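Notes for the one structure printed next.
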Amino acid sequence: MSSSAPQQPARDLRFFLTVPHACSYLPEREATTLFLDPQESPGQNVYDALALLGFRRSGRHLYRPHCEGCSACISVRIPVEDFSPNRTQRKLLRRNGDLTMHERPAFFDAEHYELYARYIRTRHADGDMYPPSHEQYRTFLTLDHPYARLLEFRRNERLLAVAAIDHLSHGLSAIYTFFDPDPELERRSLGIYAVLRQVEMARELGLPHVYLGYWIRESRKMNYKRTFQPLEYLDGRHWRRAIPL
């Protein structure tokens, strides 16, 4: 099964390449990123078209990997109507049945930032987002645009997780999720739960896909994406069912 991505928007768009830099996912490799001109203010139609071509959003930037001699980053998405949670995922949905989800604009919120900072310090102290800062958080996860939204997950009044998402005409794009690193909450698997709720949300909105960004076979941290089945991957300009082993 495959589907073709549409042609890029008719109007001219300018793209740039970064200089080679250390890869964030694979040690001892260099990465190059293709990104839309930051001076552009892409409307919904442009973003929709670029997302189908494997572009992602980080703050105000739309980008995708463009690494010479490497194709490890594979764009993946969940076909909502065909997805059925497995046994473990059904347990997670029941286990987190006491949580409420609230959608709000992607504006800065001090409570969100405090949770983000604790998450980065605890879970990603060895990554390129450490140490966290207000400026880093703002440029990464806040955006004053109707398609950019945040999902809050709370147990009573306690904030447990926040998922940044984008609304596209053909799906939801899962940008990033951060959650309370308290060891007592590990059984909730809040990151996976947030994706499951996004699938439910897309189904309710009549949207066909949830975009999970890039999957890298060699990255153990990305193994969780393969638990969402069926999964589609971008092969050139075509989306195909089942990522290659």
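For this structure, a couple of remarks:
- Remark: Asp128 matches the filter, which requires a residue to be surrounded by fewer than 13 Cβ atoms within 10 Å (Cβ to Cβ) and either under 18 Å from the mean Cα position of the chain (by Cα) or within 13 Å of Phe178 (Cβ to Cβ) (or both).
- When each of Ala110, Ala106 is tested for being surrounded by 18 or more Cβ atoms within 10 Å (Cβ to Cβ) and among the hydrophobic types (A, V, I, L, M, F, W, C), the lone residue that passes is Ala106.
- Evaluating Leu185 against the criteria (1) open to solvent by less than 30 Å² (accessible area, probe 1.4 Å); (2) assigned to a helix (DSSP H, G or I); (3) under 20 Å from Phe55 (Cα atoms) leaves one unmet condition, (3).
- Each residue in segment 123-142 was checked for being among the hydrophobic types (A, V, I, L, M, F, W, C) and at pLDDT 95 or above, and 2 pass.
- Residues in segment 23-54 that are among the hydroxyl-bearing types (Ser, Thr, Tyr) and either open to solvent by 10 Å² or more (accessible area, probe 1.4 Å) or over 15 Å from the mean Cα position of the chain (by Cα) (or both): Ser24, Tyr25, Thr32, Thr33, Ser41.
Let's see how each residue does on (1) surrounded by 19 or more Cβ atoms within 10 Å (Cβ to Cβ); (2) more than 16 Å from Arg56 (Cβ to Cβ):
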| site | (1), (2) |
| --- | --- |
| Tyr193 | yes, yes |
| Glu200 | no, yes |
| Arg217 | no, yes |
| Met222 | no, no |
| Arg226 | no, yes |
| Leu234 | yes, no |
| Trp239 | yes, no |
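- Within segment 55-91, tally of residues that are over 28 Å from Leu13 (Cβ atoms), of a type in the set (Val, Ile, Thr) and open to solvent by less than 40 Å² (accessible area, probe 1.4 Å): 1
- Subset of segment 155-182 that is charged (D, E, K, R) and open to solvent by 40 Å² or more (accessible area, probe 1.4 Å) - its residue that is farthest from Lys221 (Cα to Cα): Glu157
The values are calculated or read from the model by the stated rules, or taken from the named source; none is laboratory data. This one's a predicted model, so the numbers in the text were calculated from it and none came from an experiment. Cβ: placed from backbone, ideal geometry, glycine included. Neighbour counts: every protein chain shown. To get the accessible areas, we keep the full protein, side chains included, count just its heavy atoms, and leave off ligands, DNA and RNA. Shrake-Rupley method; radii C 1.70, N 1.55, O 1.52, S 1.80 Å.
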